[in-house]
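What follows is a short report on a single structure.
Read the figures in this text as sums done on the coordinates, not as results from a lab. Model, not experiment: these values are computed from the prediction. Cβ placement follows ideal geometry from the backbone for every residue including glycine, while neighbour counts extend to all protein chains displayed.
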Amino acid sequence: MSHLVSIVYDGSTVQGEFELPTRLSVAAADLVLSLTEALARTNSVFNCSDDKRKAAATGERNLPVMLLPSTPTKKKVNNISKSSDYEGMEMKLLLWDHLDNLIILVERLTAWSRKSRPLHAKALERVCKWLRGMQENYIHEQTKADSEMLKRGVLLLSSCWKHYGMLLHLEDNKFPQQYTELLEQYLSGIQFYADNYAEESPRNKESGRETIIFFLNCLALLLGRLHGKQFETTIEEYGSRLSEAIISQLNSVDDEVIDSSLCIFKAVIFRTNSSLSKHSADIRQINVLLPMLLDLLDERDSAAKAVIKLLAEYCSISSDTQCLGEILKRLISGNVSQKRNAVDFISDLIHMSMQSDTVLPPPIWQHLSCHLLEFLQDEQMVISTQASSLIPLIDPSFTLPALVCLIYSPLERVHSLASGTLIALLKNYKHNPDVICLLLDCLSKPSENPDICDAADGVEGKKTDIDRVLKLLPEWSKMVEDWKVMIGPLIDKLFAEPSNAVIVRFLSSISEHLASATDFVFQRIISYSRRQKDPDEGVYPNYDAPEGQIDLFKRLCPLLVVRLLPLQVFNDLNSSALYDELPTKLAHDDECLRTQSTECVAGLLINRSLSKFEFEDVRRLAAELCGRIHPKVLIPIMSYQLKNATSAKDLLKIKACLFSICTSLLVNGTDAYAHPDMFWICKATETILLWPSVDGDDISKAQHGCIDCLALMLCTELQATKAVKNSISIEVCFEQSIVSSGDSLTKGSVCSYVIHHLVCGEDISVMLGRNEVVKAHHSFRLCMANVLISACQKVPCASKKPFVSKILPRVLHSVEEIANSEVRSACIQVFFSMVYHLKSLVLPYSSDLLKVSIKSLREGSEKERIAGAKLLASLMASEEAVLQKISGGLVDARTLLQDICSSDLPLDVRKMCQRLLVCLTSL
């Protein structure tokens, strides 16, 4: 026997995931089965007629049995005492002595059956578990020679193995003639014990449970052996009786009975004892049994769990959508237990479909999605939480539109769950850009799903707040590993929908990740821009025409993507997609100052900012973005372009150049200011500021740009002077470039230059074309005052103190010497701005400022008096320390204000002084 079992143990060949027997191991296994079956039958009461055998089996199975948890053991029970109390006990004891070999045999048979006999293999697993339980349960009785417990165990093994051994044969020519008779016996046995032991004592109930398990195992082993037509015929003939017998066992409280019953029931319903297929389910059978099965789903128990799995498996391979509808209709509108069973059913169906080659049709997925989205709003947390975990497993096209709308729900519970569900869904599809594009469509076009969104909001027509969705995306973005996979389609989507502001906002939220693939982004922009047709020369864009609006957004699109990128990406001078060969060519070739390459982003920005026939919005945004270009590239080009534009009085180019230079000063600070060509930019602004202009015309707009540019230079210079310590200062470098030019900017810095031309009475000469024209510089001096006023508003906190100390005393010292009243008025406006914006920093000079204010109110022109009144108001509204410092002079100020109020001075002056007098009286 041991030799035969060793042949069985080693007689396997591996084929993929399965083991198959050799011809020799098949013969050895069948021989062991024949021998052990003979041991079980020898001198047994089971040698009687069939009816008597059945009765004897029933009587022996009435013995109480307890099967312990399966724990494999190799410890063999030997030397069991032989007793003459039982006829043929010696043979049965011999069978018992080979219990280890039986376990090995059943294990091998299980492994060999998994591929072609799955139902048979399932039953073999339970038989193997029973044998191990027998061995474990009776091992402690081996030292008791006359143990009644041991004798009952020996008889139990013998009586059961007679049937098990007969059903385990791999090759048995007698089986086709016997299986219907055996099937009748097993069905009758199940029905008998189900009817007669339901109300018995616990001891008898346990015995009946074990006997039913035995019959269920035999039934599964038998049905699992049938093949092809044999199985189909059996199901046709016995299907109803099998279903009736088995479905009654699904009400059992025992998990093993339910599990065994379910395996057989599946074979009947699916009409197969092998692998399931799409066409194997018996729709007629399930329709008959469905009402009884649904009755089992009203509670939360093992029977419900088993039926849920059965129905989910049926629906996963069946095209019978009516069954699915009936199941969900029954459960969804029911109590909490039914709803939980419904969610479990959907969960099993989803997971089975994910592991199966069978694809559920879209209508079923849509059906499941709708119910899960309803469950997500359920008040029972256990239901809504489970729904939240299932929704991310479904194709987003079925769930995403409604899920987005649920995020807008006014119920915090629903909003929170929907938000978490969306994040989980996006993480599941973190490398699928189509899902993000679908999300953007949901945010961009909520009107396409008005019913869903209105139901989610609870208020019809309520405007959705897409920020509630966008703020969830950073958590998803951390999970994305390959941004190049995502970025390309997203940028393409923006190019395809250029007016879609939602896409821009989304890209803005992932700008740091765009920076990780900068060259890829730039190449995408260049490729798209290359396909665009440049505006026709001489044809100005029409904003009002519908096609003009479309063209505008198309031209803006690539610039919007550039604006989303972090500033530091523009520092890489070696990036060919950004700068091409510009950094190298600028050192040797003046041609690149005139025309820019279309093969790099920097060239694209410069070209669009300077194009006369470009959309104004495009030109302005391009000029702003030019300010991000590295100063080594931008300043030489813009200096050259500004110089030529000034010579040609091309105001459009002048404004674009100045805007980009101002942005560069803001973005790059001292790196831009320290560039040698900044001197020529300053010279160009001087020229422009000397042009005659009228308020509101294009020249005055260009001059405002010059004023802002000089103000930013002045602020940057103060920062640079403070920052540079152990090297040649920016101011000195600037001074050297000025002195070497032999020009009037002899003071060496923008700050000195502006103050000098504000307080001094010198004329300025400027070269216009070939003729040198000397211009009166009255308006130029007013521009210098405006530069200081602008600088008051722009100076950073760190530079405010040096700004005050460097400018205020010099202008205060000179204001009384200025002969022109308008210039004096402008200086007082500068003082007002400094007090208003710089607060207590003017404290050391506050008394002098009060004197200037009083003097201008007493002796000045109308403009000076109004400027003086504003200065006084600013001082009076200043901080406590300033008020204390000027408190002594406020007495004279009150007297003066009273005199002015009673004078015949212009009405505007008197009204302002009256308001000041009221304020002064209340102090």
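Kindly rank 621-631, 213-223, 873-883 from highest to lowest mean number of other beta carbons found within 10 Å of each residue.
Working: 621-631: 23.5, 213-223: 25.5, 873-883: 17.2.
Order by mean packing, descending: 213-223, 621-631, 873-883.
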What ranking, highest mean first, results for peptides 653-666, 245-258, 812-825 when packing means the other Cβ atoms within 10 Å averaged over each residue?
653-666, 245-258, 812-825
For the stretch 497-505, just list the computed ³J(HN,Hα) in residue order, Karplus coefficients 6.51, -1.76 and 1.60, θ = phi - 60°, integers in Hz, with x standing in for Gly and Pro.
10, x, 8, 7, 6, 5, 5, 4, 5
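Can you compute the equivalent ellipsoid semi-axes for the stretch 540-686, i.e. the square root of 5 times each eigenvalue of the Cα gyration tensor, sorted largest first and rounded to whole Å? Write out the running numbers ahead of the final one.
Details: eigenvalues 114, 68, 39 Å².
Three semi-axes, in Å: 24, 18, 14.
Order 416-426, 890-900, 564-574 from most to least packed using the mean count of other Cβ atoms within 10 Å. The partial results should precede the final answer.
Values: 416-426: 20.6, 890-900: 16.5, 564-574: 15.0.
Per-residue Cβ counts within 10 Å, averaged per peptide and sorted highest first, yield 416-426, 890-900, 564-574.
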The stretch 482-495 - phi-based ³J(HN,Hα) in whole Hz, Karplus 6.51/-1.76/1.60, Gly and Pro as x
10, 6, 5, 5, 8, 5, x, x, 5, 5, 4, 5, 4, 5
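What is the stretch 605-709 by shape, rounded, prolate or oblate, if you read a ≥ b ≥ c off the alpha carbon gyration tensor as root eigenvalues and call it rounded for a/c under 1.5, prolate for a/b larger than b/c, and oblate otherwise?
Numbers: a/c = 1.70, a/b = 1.19, b/c = 1.42.
Because a/c hits 1.5 or more and a/b fails to exceed b/c, the stretch 605-709 counts as oblate.
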Which ³J(HN,Hα) values in Hz, rounded to whole numbers, follow from the phi angles of the stretch 832-838 under the Karplus curve 6.51 cos²θ - 1.76 cosθ + 1.60, where θ = phi - 60° and Gly and Pro get x?
4, 4, 5, 5, 5, 8, 9
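Pairs Lys653/Lys794; Lys309/Lys339; Lys851/Lys885; Lys863/Lys885: which are spaced more than 18 Å apart, C-alpha to C-alpha?
Lys653/Lys794; Lys863/Lys885
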